[in-house]
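The values are calculated or read from the model by the stated rules, or taken from the named source; none is laboratory data. Keep in mind that this is a model prediction, so the values were computed, not measured. Methodologically, a virtual Cβ is constructed for each residue, glycine included, from the backbone with ideal geometry; neighbour enumeration extends over all protein chains shown.
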Amino acid sequence: MIRLPQLARLGLATTLLLVLTTGNTEPQGDVPAGMGARANVDRPKPTFMLHERDKRVHGLKPFQDLIDKAPAGSLLKPPPGSYSGPVTINKPLTIDGGGQVTIDSGDRGTVMVLDASDSTIRGIHLTGSGDSHDTDDSCLDVRGNHNTIENLELDNCLFGLDLKQSNNNTIRGNSIRSKDRELGVRGDGLRLWYSNDNLIEKNQIIDSRDMVAWYSHKNVFRDNIGKRSRYSIHFMFANDNVVERNEFYDNAVGVYFMYTEGGLVRDNIISHATGATGMGIGFKEASGTIIENNEIIYCGVGIGSDLSRTTRSSTAASASAPTSRPSSPTAPSKSAATASPTTAPASCSTAKPAATT
């Protein structure tokens with residue numbers, strides 16, 4: 001005979017099983033092997049009344065009205081001007097603002113959420129998110145596949161572009177700035193979370209916190225510029241990512257790999273990663289990364305390694321400070337120097353840095 005405590009435990013287990021098998025998930029096409037269905041991992045976004053938003057948006061037309069009226073798969077070219085957010089897009093659309101459309105969320109919540117696939121958002125200025133880290137207030141959340149996000153201007157937002165469980169997207173030619181906060185409490189300019197096979201190219205991420213990829217594999221970061229942030233790019237549990245032809249200036253750390261396998265770092269300029277933790281390229285328990293033809297200039301540490309191995313390197317490190325720093329730096333000539341991350345870190349420079357303009 002089954003005792004009462006055993007019946008209670010059996011009932012609890014049955015309830016938990018029902019909850020897990022009927023959880024909030026949605027189908028997702030082209031999901032990599034092992035990823036399963038797409039789970040709704042976002043915390044609920046709070047709803048703000050108009051009077052809670054900054055007065056600058058009180059007289060603006062809601063951009064959501066245009067989205068609601070546009071048929072799925074259509075091209076939407078909004079009339080030039082300023083509109084109020086927030087905006088949620090839950091159907092495939094091509095939205096082209098032509099560089100003449102601003103959407104302002106009045107310093108509350110997230111400005112725009114793209115919860116669809118096969119869409120394009122181009123030529124729009126997104127601004128005025130909230131400042132809550134609890135709800136990840138951002139300029140643009142992407143929650144879909146095969147989207148193109150290009151030529152956007154994102155500013156005065158805590159987080160810039162936030163991709164979660166979103167694959168095969170193109171993020172191109174965007175300008176991203178965080179809110180004017182202390183470095184540690186800014187949001188990330190670009191964040192990938194469980195997002196694979198994305199192309200991140202020709203973006204400018206300035207005065208943000210990090211560009212980060214968590215559990216995100218086989219992404220390409222190419223021809224981007226990063227300035228005055230913390231991590232230029234930070235990989236955690238993210239394998240086989242490519243970082244090439246980027247320019248990173250005046251960030252605390254250049255490119256950092258933690259608990260990763262594979263990957264390629266080549267033809268980048270990493271300059272003036274100074275301070276007590278300043279490092280050009282770093283590894284922690286990472287393996288199999290190829291580093292080649294990079295210029296590491298005036299950093300606290302050139303290449304640093306912590307419990308990492310089998311990483312090949314052919315990278316030039318500058319041994320002294322440049323005598324001047326152009327406002328728009330260009331790539332110096334390449335020279336080959338071998339540095340193994342399994343040995344002591346290579347210091348870029350010990351002289352006092354030139355003044356920054």
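Among the residues of segment 171-187, just one is in a strand (DSSP E or B), under 17 Å from MET112 (Cα atoms) and at pLDDT 95 or above, namely ILE171.
Residues in segment 241-255 that are among the charged types (D, E, K, R), assigned to a loop (DSSP other than H, G, I, E, B) and either buried (at least 24 other Cβ atoms within 10 Å of the Cβ) or modelled with pLDDT of 90 or more (or both): ARG245 alone. Scanning segment 264-280 for residues that are in a loop (DSSP other than H, G, I, E, B) and crowded, with 24+ Cβ neighbours inside 10 Å turns up ASN268, HIS272, ALA273. On inspection, ASN40 passes the criterion of being closer than 30 Å to SER132 by Cβ and modelled with pLDDT under 80. Just to be sure before I move on: is ALA238 over 17 Å from SER175 (Cα atoms) and at pLDDT below 90 in the structure I sent? No; evaluated as a whole, the condition is false for this residue. Checked against (1) assigned to a loop (DSSP other than H, G, I, E, B); (2) out of contact with any Phe, Trp or Tyr (no Cβ under 8 Å at 6 or more places or on another chain); (3) of a type in the set (A, V, I, L, M), ALA238 meets all criteria but (2).
Within segment 135-170, being in a strand (DSSP E or B) and within 20 Å of LYS218 (Cβ to Cβ) holds for VAL142, THR148, ILE149, LEU161, ASP162, LEU163, LYS164, THR170.
For (1) surrounded by fewer than 19 Cβ atoms within 10 Å (Cβ to Cβ); (2) at pLDDT 95 or above; (3) out of contact with any Pro (no Cβ under 7 Å at 6 or more places or on another chain), each residue gets a yes or a no:
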| position | (1), (2), (3) |
| --- | --- |
| ILE67 | yes, yes, yes |
| SER82 | yes, yes, yes |
| ILE124 | no, yes, yes |
| CYS139 | no, no, yes |
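Considered as a group, the residues in segment 183-235 that are among the β-branched types (Val, Ile, Thr) and surrounded by fewer than 24 Cβ atoms within 10 Å (Cβ to Cβ) include one that is nearest to CYS139 (Cα to Cα), and that residue is ILE206. Restricting ASP107, ASP115, ASP96 to those that are within 18 Å of the chain's Cα centre (by Cα) and over 15 Å from ILE176 (Cα atoms) reduces the list to ASP115. Within segment 95-123, residues that are farther than 18 Å from GLY187 by Cβ and in contact (Cβ under 8 Å) with a residue 60 or more places away in the chain have Cβ atoms under 9 Å from residues that are surrounded by 24 or more Cβ atoms within 10 Å (Cβ to Cβ) and of a type in the set (Ser, Thr, Tyr) in these pairs: SER117/SER166, counting only partners at least 6 apart in sequence or on another chain. Taking the numbered list (1) assigned to a loop (DSSP other than H, G, I, E, B); (2) closer than 22 Å to LEU199 by Cα; (3) not aliphatic (A, V, I, L, M) in turn, SER132 passes all entries but (2). With respect to the conditions (1) within 18 Å of the chain's Cα centre (by Cα); (2) under 17 Å from LEU50 (Cα atoms), HIS133 lacks only one, and its number is (2). Close contacts from segment 63-75, counting a first residue that is on the phi > 0 side of the Ramachandran plot and a second that is surrounded by 11 or more Cβ atoms within 10 Å (Cβ to Cβ) and at pLDDT 95 or above, with Cβ to Cβ under 7 Å and a gap of 6+ residues or different chains, come to GLY73/PRO92. Within segment 65-86, is even one residue assigned to a strand (DSSP E or B), farther than 21 Å from LYS179 by Cα, of a type in the set (Val, Ile, Thr) and touching a Lys or Arg at 6+ places or on another chain (Cβ under 9 Å)? No: zero hits.
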